[in-house]
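Values in this text are rule-based calculations from the coordinates and carry no lab data. Keep in mind that what you see is a predicted model, and the values were worked out from it rather than measured. Using ideal geometry, Cβ is built from the backbone for each residue, glycine included, and neighbour counts are taken over all protein chains shown.
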Amino acid sequence: MKEKILIFGASGHAKVVIDIVEKQGLYEIEFLVDDDLSLKGDTFFGYSVLGGKEDLLAKVDAPRKAIVAIGSNRARGTVAAWLEQHGFELVTAIHPSAQAGRDVSLGAGSVVMANAAINAAATIGRNAIVNTHASIDHDCVIGDNVHIAPGATLCGTVTVGDGSFVAAGATVIPNLTIGRNVIIGAGSVVIRDLPDEVTVVGNPAKVISER
């Protein structure tokens with residue numbers, strides 16, 4: 001019998017996570033939870049929306065395992081922390097077409113999407129998203145609540161700090177360190193280390209804002 005889980009999130013990103021969970025075949029989705037209370041009682045992508053956080057806490061027979069299906073790094077991390085504070089265990093979801101090499105580590109709550117590749121000895125933090133066709137090469141270290149977007153490429157031994165977003169089609173050359181809460185724009189090519197809290201775009205990538 002499959003273990004039951006809940007999915008927190010009922011928007012476009014959740015559709016992809018639901019599809020992965022179904023294809024992976026390890027868990028049975030019991031229901032969805034979302035802070036948008038206008039969705040309470042609706043059916044989303046074939047599953048009922050229980051309601052928000054208070055509704056979840058009130059449901060004494062709710063599954064104790066969960067995945068957060070929210071695209072925003074900050075929001076995903078906040079919800080994941082709330083779930084763990086209330087005794088829920090975060091689980092991972094990996095699309096069957098994704099590839100993971102030897103000695104890869106995947107943190108709790110992380111999701112790896114279709115045709116992504118994570119090569120040998122890479123470490124992926126908690127609540128991360130490795131999106132469709134993303135490539136993470138050997139010995140990379142990806143922090144918590146990071147999103148590596150579709151088609152992004154991290155060459156070998158790249159470190160990405162917590163909360164950072166590497167947008168679609170971006171490339172980071174080997175042996176670089178990307179700080180915390182960094183945004184790397186779509187199609188950018190990063191050729192030097194980046195500090196915390198910056199947004200970069202272009203080829204080569206240049207800082208356009210600091211937070």
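What number, in percent, do you get for the relative contact order of the range 149-211 if the mean sequence gap of Cα pairs under 8 Å and at least 6 apart is divided by its residue count?
Answer for the range 149-211 is 26 percent.
Count the lysine pairs in the chain that are 8 or more places apart or on different chains: how many have C-alpha atoms under 24 angstrom apart?
20
Lys/Arg Cβ at +1, Asp/Glu Cβ at -1, dipole of the chain taken about the Cα centre: which of 133, 113, 63 is farthest positive-ward?
Result: 133.
Given an 8 Å cut-off on Cα distances and at least 6 residues of separation, report the relative contact order of the range 3-91 as a percent.
Computed over the range 3-91, the figure is 31 percent.
For a quick size check, give me the Cα extents of the chain along its three principal axes, largest first, whole Å.
Projected onto its principal axes, the Cα set of the chain covers 51, 37, 27 Å.
Return the percentage of antiparallel bridges among DSSP beta bridges fully within the chain, rounded to the nearest 5 %.
Bridges in the chain that DSSP calls antiparallel: roughly 10 percent.
What number do you get for the range 139-211 when its Cα radius of gyration is normalised by 2.2 N^0.38 Å, N = residues?
Dividing the Cα Rg of the range 139-211 by 2.2 N^0.38 Å gives 0.92.
Could you work out how far helix 12-24 tilts from the main Cα principal axis of the chain, as a 0 to 90 degree angle to the nearest 10?
80
Magnitude of the Cβ-charge dipole of the range 169-211, K/R +1 and D/E -1, about the Cα centre, nearest 20 debye?
Value, rounded to 20: 80 debye.
What area, in nm² and to one decimal, does the C-alpha convex hull of the range 3-91 cast on average over all directions?
On the way: hull surface 20.7 nm².
For the Cα atoms of the range 3-91, the hull's average projected area reads 5.2 nm².
How compact and how long is the range 94-201, expressed as Rg and Dmax of its alpha-carbon atoms in Å?
That works out to 11.9, 35 Å for Rg and Dmax.
Taking H as built 1.01 Å from N, whose amide H comes closer than 5 Å to the amide H of residue 170, not counting residues under 5 places away?
HN-HN under 5 Å from residue 170: 152, 153, 187, 188.
Normalised by the number of residues in the chain, what is the relative contact order in percent for Cα pairs under 8 Å and 6+ residues apart?
Computed value for the chain: 11 percent relative contact order.
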